[in-house]
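Note sheet for the following structure.
The values are calculated or read from the model by the stated rules, or taken from the named source; none is laboratory data. Just so it is clear, the model here is predicted, and its values are computed rather than measured. Positions of Cβ are backbone-derived with ideal geometry, glycine not excepted, and every protein chain shown enters the neighbour counts. These accessible areas exclude ligands, DNA and RNA; they are computed on the full protein's heavy atoms, side chains included. Shrake-Rupley method; radii C 1.70, N 1.55, O 1.52, S 1.80 Å.
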Amino acid sequence: IAIIDYGMGNLRSVKKALEHVGFEASITNAPRDIGRASKLVLPGVGAFGDAMSNLRSFGLLDLIKGRIREGIPLLGICLGFQLLFSRSEEGGLHRGLDIIPGNVRRFPPYRSVPQIGWNQVHIKRDSPVMEGVPDSSFFYFVHSYYVDPEDESDIVAMTDYGIDYASIASRYNTFGVQFHPEKSQDLGLRVLEN
């Protein structure tokens, strides 16, 4: 598994969690490593615009999209999940990878941000990433923006934080989770194993 290092995120904790469930994982931004990996993880903590700028400057945008077209599974975590979408309104309007059509929006002003802590995930449809995970399980979240998919069929699960938002989405071989599975104890490890 290649954990894509684009200068943002909690890479080491994701690597340790993947190794804990039995995977061989490396942290890399080398196109050759990403091009040979059988699975990809796009983690992230930080700002959407900076993240896209870093992916562009490292020459990784077309490579990531190409690997997805080849059928290589990719898991986006937190900011990495948001980057899978078409655009974000964080700090202005920024284009994303546009793998899953939709927008990244800020929580309404009546919600305190960031959302930090444990919250439930309500499963809406079957997905390999949630196999063996009970509906309404708790996972650990830290974020101020949420994804708003254009196509409801891309939504795997929803979470309530004053509004119901998509906390897991997938399209084809691409999966994304808004929470941090690497910080979500046994069920988070199960998501990573899946």
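Can we say R125 is assigned to a loop (DSSP other than H, G, I, E, B), over 20 Å from I1 (Cβ atoms), modelled with pLDDT under 95 and of a type in the set (K, R)?
No: the conditions fail for R125.
I'd like to check something: does the range 140-147 contain any residue that is aromatic (F, W, Y), surrounded by fewer than 20 Cβ atoms within 10 Å (Cβ to Cβ) and touching a residue at least 24 places away in the same chain (Cβ under 8 Å)?
So far as the range 140-147 goes, yes, one or more of its residues are aromatic (F, W, Y), surrounded by fewer than 20 Cβ atoms within 10 Å (Cβ to Cβ) and touching a residue at least 24 places away in the same chain (Cβ under 8 Å).
Determine whether V45 is in a loop (DSSP other than H, G, I, E, B), touching a Cys at 6+ places or on another chain (Cβ under 8 Å) and open to solvent by 10 Å² or more (accessible area, probe 1.4 Å).
So V45 passes the test.
When you go through (1) surrounded by fewer than 16 Cβ atoms within 10 Å (Cβ to Cβ); (2) in a loop (DSSP other than H, G, I, E, B); (3) of a type outside the set (D, E) one by one for V133, which number turns out not to apply?
Going through the list (1) surrounded by fewer than 16 Cβ atoms within 10 Å (Cβ to Cβ); (2) in a loop (DSSP other than H, G, I, E, B); (3) of a type outside the set (D, E), V133 breaks only (1).
R67 - would you say it is crowded, with 16+ Cβ neighbours inside 10 Å, of a type in the set (K, R) and in contact with a helix residue (DSSP H, G or I) (Cβ under 8 Å, 6 or more places away or on another chain)?
In short, yes.
Filter the range 171-194 down to residues that are outside any loop (DSSP other than H, G, I, E, B), polar (S, T, N, Q) and open to solvent by 10 Å² or more (accessible area, probe 1.4 Å), then give me how many there are.
Total meeting the criteria: 1.
Within the range 19-33, which residues are open to solvent by less than 60 Å² (accessible area, probe 1.4 Å) and touching a helix residue (DSSP H, G or I) at 6+ places or on another chain (Cβ under 6 Å)?
Correct list: V21, A25, I27.
Which one is surrounded by the fewest Cβ atoms within 10 Å (Cβ to Cβ) among residues in the range 1-18 that are out of contact with any helix residue (DSSP H, G or I) (no Cβ under 8 Å at 6 or more places or on another chain) and at pLDDT below 95?
Among those residues, the one meeting the criterion is R12.
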